[in-house]
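Accompanying notes for the structure given below.
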Amino acid sequence: MSQYRQSPADELASLALRLRLRAPVETNEDWAPTKLADAVQRVACDESLVRPLAEATGLSAPMVRWALRTTAESFTAETLTALRARAGIDATDGCAPHNRMRLATLVLAGNVFTACLRPMVLALLFEVPILVRTSSRESLLAEAFARALPPPYDGACAVLSFPKDDDARWDAFLRHADATHVYGSDDTLRAIRTRLPIATRFVGHGHGLGVAAVRATSFDDAAAAALALDVVAYDQRGCLSPQELIVLGSHDDASAVVSRLLPALEAREKTLPRGPLPADVAAAARRWRDVVLATGELHEGATHAVAFDPTGMLPLGPGHRHLIVRALPDESALIRHLASYGGHLKALGLGPGLLAGPAHTLVPPGATPRVCPLGAMQTPPMDAPLDGFPPSEGFVALLGTR
């Protein structure tokens, strides 16, 4: 629905009201999940999108193909059917314990281009019309998905973009929504939240990072290959991307882990090459490397750099396949270290030696990361909680009936 891209504020407000009148989106539970899953598969398999997406995102074409394929894998009719059942959408007992939003607005960030698919699908799955504001440089996939939607979904979804400083259009975009979902920096979340009407439900997904943790004695070639995939995916630009590797063991143990990881990163570069570095990232990478060389140990490849931090004081890298490695003595030290990230900890990837026990015991209080094995940090199932929110959050509200 890209004809709305440059709509003035009054047309945008009219569009929001028209979408709101479509609620709830009439669907048939027997085919609704299948039609939405098919729309995702169509855009994921559309080779004509690969080159434009690579140019818009700065990712390599193989990385774009990998991202589309792995994202689409969990969008199955079976998964979507189960989500509707869990939310009570198809309840027939006459006492439905839920109510749906009449309009959801979605603000997307520009770092992970496939992130648009999950909230767009969820809104329509739960029969909620959705109005999407994309990043100006990464609107292609959201627009392609909107075009791929069959009736009645095609009339209940609109994708647009407008400048960050256009107050009139922000007001028109947000005014009529029952819920607003926002992906972006913490500053973006704060700015949009202050604009919202008091009764609008706010679901924010702000700045975050991933951390990988391994036991040195269990880090083998398979674990190295899995971690290397987590690092290279999306060129380490997402909030689930591991920026840091914690090795439980001595400094010598951590150095040995680095030696095993380097060839795995080189191997991943051959199949999933990195896109070109933006000038500002290249400058930040040079500054980071200078800092590392002053007190740490730096290992550089053609398109990656791994820093071993013996002091515990070196800063995280600038993304784009720059990883820092630290050694900690045990699980208690790991938990204390993870607590320093607070709510910004979005993903915790665990090596084989740490998956043997209950993984949640390693998560510090107040944090809600996705905990998963190495190799799966960047491929969360579409029905998984996000930032501690269930998939129905901001689309379906529970009613008190007793």
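The values are calculated or read from the model by the stated rules, or taken from the named source; none is laboratory data. Here the structure is a predicted model, which means the values were calculated and not measured. Reconstructed Cβ throughout: ideal geometry from the backbone, glycine too, with neighbour counts over all protein chains shown.
Annotations for the structure displayed:
- In the stretch 33-56, the residues that are under 21 Å from D235 (Cα atoms) form no Cβ pair under 6 Å with any partner that is among the small types (G, A, S) and outside any helix (DSSP H, G or I), whether six or more places apart or across chains.
- Consider the stretch 164-177 and keep the residues that are in a helix (DSSP H, G or I) and of a type outside the set (D, E, K, R). The one that is surrounded by the fewest Cβ atoms within 10 Å (Cβ to Cβ) is A168.
- Residue check for D230: in contact (Cβ under 8 Å) with a residue 40 or more places away in the chain, over 13 Å from A327 (Cα atoms) and among the acidic types (D, E): yes
- Any hit, the stretch 196-213, residues being more than 20 Å from P315 (Cβ to Cβ), part of a helix (DSSP H, G or I) and either touching a Leu at 6+ places or on another chain (Cβ under 8 Å) or modelled with pLDDT under 95 (or both): no
- Long-range neighbours under 7 Å by Cβ, at least six apart or interchain, first residue more than 19 Å from D230 (Cα to Cα) within the stretch 250-264, second buried (at least 16 other Cβ atoms within 10 Å of the Cβ) and not aliphatic (A, V, I, L, M): S255/F308
- Which listed residue, of T180, T188, is surrounded by fewer than 22 Cβ atoms within 10 Å (Cβ to Cβ) and touching a residue at least 12 places away in the same chain (Cβ under 8 Å): T188
- All of A146, A87, A82 fail the test of being in contact (Cβ under 8 Å) with a residue 60 or more places away in the chain, touching a His at 6+ places or on another chain (Cβ under 9 Å) and closer than 25 Å to D178 by Cα, apart from A87.
- Selected residue (only one of S255, S241, S250 is among the hydroxyl-bearing types (S, T, Y), over 30 Å from L386 (Cβ atoms) and surrounded by 15 or more Cβ atoms within 10 Å (Cβ to Cβ)): S255
- For the criterion of being at pLDDT below 95 and not assigned by TED's automatic domain parsing to the domain that holds F75, P381 fails.
- Within the stretch 57-71, the residues that satisfy the criterion of being closer than 30 Å to S392 by Cβ, in contact (Cβ under 8 Å) with a residue 40 or more places away in the chain and surrounded by fewer than 22 Cβ atoms within 10 Å (Cβ to Cβ) are W66, T70.
- Residue that is buried (at least 18 other Cβ atoms within 10 Å of the Cβ) and either closer than 22 Å to R215 by Cβ or in the same structural domain as V247 (by TED's automatic domain parsing) (or both), where the choices are V363, V292: V292
- Failed condition for C372, given (1) under 23 Å from the mean Cα position of the chain (by Cα); (2) not in a strand (DSSP E or B): (2)
- Out of L348, L338, L334, L354, one residue alone is in contact (Cβ under 8 Å) with a residue 40 or more places away in the chain, assigned to a helix (DSSP H, G or I), under 21 Å from the mean Cα position of the chain (by Cα) and crowded, with 16+ Cβ neighbours inside 10 Å. It is L338.
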